[in-house]
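Let me begin by presenting the structure, written as C-alpha cells, before commenting on it.
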Amino acid sequence: MLYRRAPLTLALLSLLPLSCGKKEAPVAAPAALTPTDPDGVARNEAVHALVADMDPSADPCQDFYRYACGGWLDSTTRPADQASWTRSFSTIVETNRQIMRELLEQAAADPQAGGPAGVQVQDPAARGDWTRMGTLYGSCMDLPSIEAAGLAPVQPLLDAIDGIKGTADLPPVLGMLQADGLSPLFDLSVWGDLKDPDTTMAYAEQGGLGLPDRDYYLHDDQAGASLQQAYRAYVSDVLQRSGQSAQDAAANAEKIYAFELAIAKFSLPREQLRDPEKIYNPRDAAALAKAAPQLGWPALAQAAGLPLSYPLSLHDVGWFTALGKLLDKTDPATLRAYLRFHTLSELSEQLPDAWGQASFDFYGKQIYGQAQRKERWKRCVDESNGMLGDALGRAYVEEHFAGDSKEVARQMLHGIEGTFQTNLDGLAWMDDETRSRAKDKAQALVEKIGYPDKWLDTSPMDLKSQPYAANALAAQRFHVAHDLQKVGQPVDPTEWHMSAPTVNAYYNPTENEMVFPAGILQPPFFNHAFPSAMNYGGIGMVIGHELTHGFDDEGRKFDKDGKLSDWWQADTAKEFDGRAQCVADQYSGFTSVDGLHLNGQLTLGENLADLGGIKLAYEAWKAQGGGGPVPTVDNMTDDQLFFVSFAQDWCTLMSPELEKMLVTTNPHSPPRYRVNGPLENTLSFREAFQCQAGTPMVADHTCAVW
C-alpha cells in the first residue's frame, strides 16, 4: 500500500488508518509559536485547560491516568467518525487538517497560481508542487467523475489478474501490482542495509492477510468466529460488486479465507519480527529461487522495478518457502479471486463511493469500532498528505511554521542528550568499554527538526485531469519507483520518512537519527510561552522517548554508524536483557478490554522508550533549573505540573474494537499504560506526589534500565 513505513522506524505513535481529534466543538488554532507572550495569554489558557481536564477528586497514587485525565474523559464525547480521540494529538491533527484543506482547496481552484493567495512563489519546483496538489485533491473531490469512471481506471489490473492460468503466470502480475503500490501476498519496503547502512536495501515481509493479524484467523472463540464470518461476507460482497454472481462470490470468499488461514498458520507472531538480527536475511537471485521458486523472482522483480543485482532481505525465509508450497497446491481460480479481491479492497477509497463505504462498513465499523465514515474532504486531505507529503509540507511550512521554534526545540534536545550521557556514568551495571561506545553513539545522533532541507522532487508524478483512481495509481507508481530505484545505491541522509505536517516523531536506527516534524512542535506539546514544566513534560518527553529508542532492545543492536553489530560486552548485554525483561513482565501483567493481557514482548521497545523518555525529560528540566517545592499552579508544584502535562498528552477515548486490535497488533501500549506504566517505575514521580509503597502507582518491583 501507499506510504509504506520503513521496517525499523520507531515512532512515537503508530500511523493507523484513523485520526485523532478533539471535542465536538470547532477546533481553534493552537497558540502561535512566538518567542514572547507579553500578556501571558498562551500560558494562562494552557494552564487553565490543563487544570480543567484533571480530576482532583482522584488519588494520583491510585490511578494517575484518571487523576490527570478524568475531567477530560468525563466531558468529552468521541465523535462518530473517529475510532480514537485524544486530547493532545487531536488538537493538532484536526487543526493541521484544516490548514491543509485550505491550501488544497486553493490549489484545486487555481492549480496554475503557483502558491497560496497573496504569495508570490518563484521557485519552479514549488509551483509545480502546487499544481500537482490541486490536480490530485481536485480529482479526489470530483465524485461525479469518479462515479462515471467506475472500475475503468483499475480494469488493466483486473485484466492482468484474469490472465493468470497457472503458477507460471503469477510472478509478473505480482510484480505489476507491487509497481502500482499494492501489496499482494507480501510487502516490499526500502531501507538502509542493516549491515551496510550507507547502502539502500529492499526488504520483503510476510503479509497476504486481509484481517489485521494472524491471530484474528486463529481465534476460535465466539467473537473471533463472528468476525471471521463478517470478513468472508465482505470478501464476497467485493467480488460480487466486481461482477461475479452471488453464488460464485460466496464460494470464492470461502476459498480465499481458507488460503489466508493457511498463510496465518505459518506466519510469525509480531513480537518475533521485532528482532533485527532475525529479520535480516539477504538473498541473491539464486538463493531467492531456492527459497521460493514458485514466486519466479526474476520476472516478479522485473515487473516491479526491483533490482536483483543487490540482495533482497527476506524477513523470514521459512515463511516464503511455505508460501511457495501453498501456491503450488492452490488452483489458479482461487489465486485470481484472491488477487481481484485484494486489489479492489486496497483501492476502495479511490473507486466509486459504494466501494469505500463497503470497506468502511467492515474495517471502519467492525475492526476499528468507528460509527461513521469521515467526510470526503477529510479523506481527500489525508490521502493528499500521504501521496504528496513533501509538496503539501512545503506549503504548510511556508504558511504556518515559525522557524525560530526549531532552535528552541534543538536546545531542549541537546540538553536531554547531555542528561543521557551524564546518566551513563551512573550505571553500575554497564562496563566502561560499552559505556564509552554508548556515549559515542549518543554524540553521533543526527537530529532533524521541523522539515527537510531538501524537498522531494515529485515532477515525474503523472497527474492530470482524469478520474481519481488513475491519479492515485500514478502517485503510487511514482513512490514505488522512487524507492526501488534506490536499491543498491547510497542512502540519502537528507531524506525524511514523515511529512512536515505529521503529528508524530521517529527514530531511525540505520541512520542513528531522531526526526521531529513541524506538526508536533505545537501546543499542547510545545510553546515558547508555556511554563518550562509543561514543555519538558510535553515535547521534552517526546525527545527523550525517541533518544531512548536508540538504546532500547532493538535500537541498542545498532552502533553509532547505524550498523547492526554486537558492540556490547557480554556481561553488560546480559544485564540489559534482564532489566528489559523486568519491563516486559510488568506490562504483560496489565490488562485491557475484556481482560485481554498486553504483550510485553511486542510492546517492549516502546515501553522502554516511554520509561526512558519521562526520566530524561524530567532530569534535563531539573538540570536547567526547573521545578521547586512551592505550589505554583492551582496548588500544584512545578514537579507535579510536569507529570500532569506529560500524562495529558495521552488522554484518550477509544473504541473497544480498536483497543483490542491495537493490543494484538501494535507495538505501543494502550494510552492508560503509557502513563501509569512508566510512572510506576519513576522515583521522581513518587516523590512529587508522595506515593507510598503498596499503592498501585508504586511498582512492587521497580524496573530501571536507562
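The values are calculated or read from the model by the stated rules, or taken from the named source; none is laboratory data. Quantities reported herein were computed from a predicted structural model and do not represent experimental measurements. Here the Cβ is made from the backbone with ideal geometry for all residues, glycine too, and neighbour counts use every protein chain on show.
Okay, residues lined up against (1) touching a residue at least 24 places away in the same chain (Cβ under 8 Å); (2) surrounded by fewer than 24 Cβ atoms within 10 Å (Cβ to Cβ); (3) touching a Pro at 6+ places or on another chain (Cβ under 8 Å); (4) more than 30 Å from GLY210 (Cβ to Cβ):
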residue: SER592; (1), (2), (3), (4): yes, yes, yes, no
residue: LEU602; (1), (2), (3), (4): yes, no, yes, no
residue: LEU611; (1), (2), (3), (4): yes, no, yes, yes
residue: GLY626; (1), (2), (3), (4): yes, yes, no, yes
residue: GLN648; (1), (2), (3), (4): yes, no, yes, yes
residue: SER655; (1), (2), (3), (4): yes, yes, no, no
residue: PRO667; (1), (2), (3), (4): yes, yes, no, no
residue: ASP700; (1), (2), (3), (4): no, yes, no, yes
residue: TRP706; (1), (2), (3), (4): yes, yes, no, yes
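Looking at SER684, SER645, SER669, just one residue is under 19 Å from the mean Cα position of the chain (by Cα) and either closer than 20 Å to VAL47 by Cα or hydroxyl-bearing (Ser, Thr, Tyr) (or both), and that residue is SER669. Among the residues of region 403-444, the ones that are closer than 30 Å to THR131 by Cβ and modelled with pLDDT of 95 or more come to 0 in all. Counting only helices (runs of 4 or more DSSP H) that sit wholly inside region 586-704, those with at least 2 residues that are of a type in the set (S, T, N, Q) and either more than 22 Å from ASP53 (Cβ to Cβ) or modelled with pLDDT of 95 or more (or both) are 638-648, 656-665. Does region 133-156 contain at least one residue that is closer than 30 Å to ALA202 by Cα and at pLDDT below 95? Checked against the condition, which is being closer than 30 Å to ALA202 by Cα and at pLDDT below 95, region 133-156 yields no hits at all.
Annotation: GLN370 fulfils all but one of (1) surrounded by fewer than 22 Cβ atoms within 10 Å (Cβ to Cβ); (2) farther than 28 Å from GLU511 by Cβ; (3) not hydrophobic (A, V, I, L, M, F, W, C); the unmet one is (1). In region 583-613, the residue that is nearest to PRO696 (Cα to Cα) out of those that are of a type in the set (Ser, Thr, Tyr) and over 22 Å from the mean Cα position of the chain (by Cα) is THR591.
Listed residues GLN240, GLN247, GLN229; which is closer than 30 Å to PRO352 by Cβ, surrounded by 17 or more Cβ atoms within 10 Å (Cβ to Cβ) and not charged (D, E, K, R)? The match here is GLN240.
Residues are listed down the side, and each one gets a yes or a no for (1) under 25 Å from the mean Cα position of the chain (by Cα); (2) in contact (Cβ under 8 Å) with a residue 12 or more places away in the chain; (3) under 26 Å from THR510 (Cβ atoms):
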site: VAL408; (1), (2), (3): no, yes, no
site: ILE416; (1), (2), (3): yes, yes, yes
site: GLN421; (1), (2), (3): no, yes, yes
site: ASP425; (1), (2), (3): no, no, no
site: VAL446; (1), (2), (3): yes, yes, yes
site: ILE449; (1), (2), (3): yes, yes, yes
site: LYS454; (1), (2), (3): yes, yes, yes
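Got at least one residue in region 536-558 being out of contact with any strand residue (DSSP E or B) (no Cβ under 8 Å at 6 or more places or on another chain), farther than 23 Å from PRO670 by Cβ and either among the acidic types (Asp, Glu) or touching a residue at least 24 places away in the same chain (Cβ under 8 Å) (or both)? Checking region 536-558: at least one residue is out of contact with any strand residue (DSSP E or B) (no Cβ under 8 Å at 6 or more places or on another chain), farther than 23 Å from PRO670 by Cβ and either among the acidic types (Asp, Glu) or touching a residue at least 24 places away in the same chain (Cβ under 8 Å) (or both). Scanning region 210-247 for residues that are assigned to a helix (DSSP H, G or I), under 22 Å from ARG340 (Cα atoms), touching a residue at least 24 places away in the same chain (Cβ under 8 Å) and touching a helix residue (DSSP H, G or I) at 6+ places or on another chain (Cβ under 6 Å) yields ARG214, TYR217, ALA230, ARG232, TYR234, VAL235, ASP237, VAL238, LEU239. Can you pull out the residues in region 91-118 that are among the aliphatic types (A, V, I, L, M), more than 21 Å from the chain's Cα centre (by Cα) and under 15 Å from ARG132 (Cα atoms)? Correct list: LEU103, LEU104, ALA107, ALA108, ALA109, ALA113. What do you reckon, is SER309 buried (at least 19 other Cβ atoms within 10 Å of the Cβ) and either of a type in the set (Ser, Thr, Tyr) or in contact with a Pro (Cβ under 9 Å, 6 or more places away or on another chain) (or both)? For SER309, the condition - buried (at least 19 other Cβ atoms within 10 Å of the Cβ) and either of a type in the set (Ser, Thr, Tyr) or in contact with a Pro (Cβ under 9 Å, 6 or more places away or on another chain) (or both) - is not met.
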